[in-house]
Every structure is written in structure tokens, then in C-alpha cells.
Amino acid sequence: MKIMQSGKIIEIDLEKFPFYWLTLTSSRYEMALEEPLKKLGLDNSKRRILVLLASHPFLSVSEIAEHAILKVPTTTRIISRMKEDGLVEISANPKDGRSIHVKMTALGHEKLLALEEATHEILNEVLSVLTEQEIDQLNDYLKSIFNRL
């Protein structure tokens, strides 16, 4: 692929560009999850929020937005729909009345467990080519790249 940069034409080999592979991998994973998510009445944004709430029982909307890489207004709308669906509860933050805590409900937990069962095969298949040490190393590389951005 050729692009113009500072008045010069430069050539980029996508095969050697890590973000090309990161984007493709992430998109392919999300595509593989579409059917299991649809069966459970979820979408990828709701899945990401449920996964976050499984790791952090109480999060504010801004914390969820930060971790899920979403804008706060978008996160607020998603959480409102999740509340209507019975997946989360919201309450005032006892330390700061200006923010709210979001907590997963029993139904949200059930949906997340069902999704984990449905996606277990996908993850086992794609990660089976890596050792536990290689997975840890990959995660370390990705964290390092993320933190530098």
C-alpha cells in the first residue's frame, strides 16, 4: 500500500504492521461472538461491560467507559438499556453522590456464564497453539503497547 506523507510517497507493508493484525484479530473475534451473543440477547458492548463488572463488582459509568474504550454518553445509553433488560443495577455512589455505581445483576451473571460456555470452544481452539507462557508474554506486549498509546 502506498500513501503520501510529507510530500513523499511511502510504501507500507500491512503484513508487517502490528496494528493491522490487532484490528483483524479483534474484529474476527467479535464476529465469532456474534451468534452466541445474539442467542443471549446481547451485543458486544454489553458483553464488554458485563466482563468488566465480573472483575470489578462496582464501577462508575466513567470507569466503565475508560475500561471499555467507549465515550461516556455512549456508555450511559448502553447501561440504561442494560438496566431495562435487567442485566445491571445502578445506585448512587455513597462516597460521591454525583456519580453512580453500576453492578451486575443475577441475570447479568447468568448471561455472562452462558456466554462463557458458548465461547469456551472458540477460545480453546484459537489459543491452543500458544503455551500459557506465550499467552502471558503476548498480554505483556499488548499492555506495554497500550500504555505507550
**Prompt:** Which loop-located trypsin sites (Lys or Arg not before Pro) does the range 1-99 contain, where loop means any DSSP state but H, G, I, E or B and the Cβ has at most 15 other Cβ atoms within 10 Å?
**Reply:** Lys71, Lys95, Arg98
**Prompt:** To the nearest 10 Å², what's Ser144's accessible area with a 1.4 Å probe?
**Reply:** 50
**Message:** Taking all protein chains in place and a 1.4 Å probe, what share, in percent, of the accessible surface of the chain do carbon and sulfur account for?
**Reply:** 56
**Prompt:** Could you give the angle, 0 to 90 degrees to the nearest 10, between helix 106-127's Cα long axis and the longest principal axis of the Cα atoms of the chain?
**Reply:** 20
**Request:** Before anything else, pin down the relative contact order of the range 30-149: Cα pairs under 8 Å, at least 6 apart, normalised by residue count, whole percent.
**Result:** 24
**Prompt:** Rounded, prolate or oblate: which fits the range 1-85, taking a ≥ b ≥ c as square roots of the Cα gyration tensor eigenvalues, rounded meaning a/c under 1.5, else prolate when a/b beats b/c?
**Reply:** prolate
**Fill in**
Probe 1.4 Å, heavy atoms of protein chains only: per residue, the accessible area of the chain in Å² is 74
**Request:** Give me Rg over Rh for the chain, both radii from the alpha carbons and Rh done the Kirkwood way, two decimal places.
**Result:** 1.05
**Request:** Pop out the ³J(HN,Hα) list for the range 130-136 in order, Karplus 6.51 cos²θ - 1.76 cosθ + 1.60 with θ = phi - 60°, rounded to Hz; leave Gly and Pro as x.
**Result:** 10, 7, 4, 5, 5, 5, 4
**Item:** Amide H partners (placed H, <5 Å) of Ile100, local residues excluded
**Value:** Val61, Asn93
**Prompt:** Arg28: net charge of surrounding residues, Cβ under 13 Å, Lys/Arg +1, Asp/Glu -1, itself excluded?
**Reply:** -3
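The values are calculated or read from the model by the stated rules, or taken from the named source; none is laboratory data. The model shown is predicted, which means the values in this text are computed figures rather than measured ones. Glycine also receives a Cβ, built like all others from the backbone with ideal geometry; neighbour counts cover every protein chain displayed. Remember, those area values only see protein heavy atoms, side chains included, never the ligands or the DNA or RNA. Shrake-Rupley method; radii C 1.70, N 1.55, O 1.52, S 1.80 Å.
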